[in-house]
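All remarks here apply to the structure that follows.
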2 protein chains.
Amino acid sequence: MKAKIKITLKRGVLDPQGKAIEGALASLSFTGVDNVRQGKYIELEIDETDKTKAKAKVDAMCQKLLANTVIENYEVDLV
Amino acid sequence: MKAKIKITLKRGVLDPQGKAIEGALASLSFTGVDNVRQGKYIELEIDETDKTKAKAKVDAMCQKLLANTVIENYEVDLV
């Protein structure tokens, strides 16, 4: 089973990387772009056929290692 | 309109960051995890109501700035 994990900064947490991208886009004359936020995207294969068990395992991975839950949210898609 | 962009390394391109995550997961006793790949995830708001135009604009941004199309693929979702 494949897990696709999106890790994003929580609303209200400053995102200097996103701000830098926003500035770069403006300097390349892309106008009307706002609220740029950069996060992480992780794909992994997990040796588990049961969706519930796989979800629980990936949740544990996110909480223990992949995301910093103080400042980040994560979203898991299993395919 | 909100654009959600996933940027991933192309198949065959070495991903040391993914390998590091794989090693860290193994050392935390998460077994059965394979093929970890790390990419980038960017969210932005675009001042455009027409989906086709917005897609074209975001594609241009990806090709010019956000993704390195020699080694990376990108995927755009508009919501």
Handout entry: Complete set of residues in segment A:11-50 that are open to solvent by less than 60 Å² (accessible area, probe 1.4 Å) and within 17 Å of the chain's Cα centre (by Cα)
Key = A:VAL13, A:ASP15, A:GLY18, A:ILE21, A:VAL36, A:GLN38, A:GLY39, A:TYR41, A:ILE42, A:GLU43, A:LEU44
Exercise for the section: Find all pairs meeting these conditions: Cβ atoms under 8 angstrom apart; at least six residues apart or on different chains; first residue within segment B:40-53 and more than 7 Å from chain A (Cβ to nearest Cβ); second residue assigned to a strand (DSSP E or B). Expected result: B:LYS51/B:LEU78
Practice task
Among the residues of segment A:51-79, write down those that are assigned to a helix (DSSP H, G or I), of a type in the set (A, V, I, L, M) and loosely packed, with under 15 Cβ neighbours inside 10 Å.
Solution key: A:ALA56, A:ALA60, A:LEU65
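The values are calculated or read from the model by the stated rules, or taken from the named source; none is laboratory data. Keep in mind the model is a prediction, meaning the values are calculated, not measured. Note that each Cβ is placed from the backbone with ideal geometry, even for glycine, and that neighbours are counted across all protein chains shown. When the accessible area is computed, the model is the full protein with side chains, heavy atoms only, and any ligands, DNA or RNA have been set aside. Shrake-Rupley method; radii C 1.70, N 1.55, O 1.52, S 1.80 Å.
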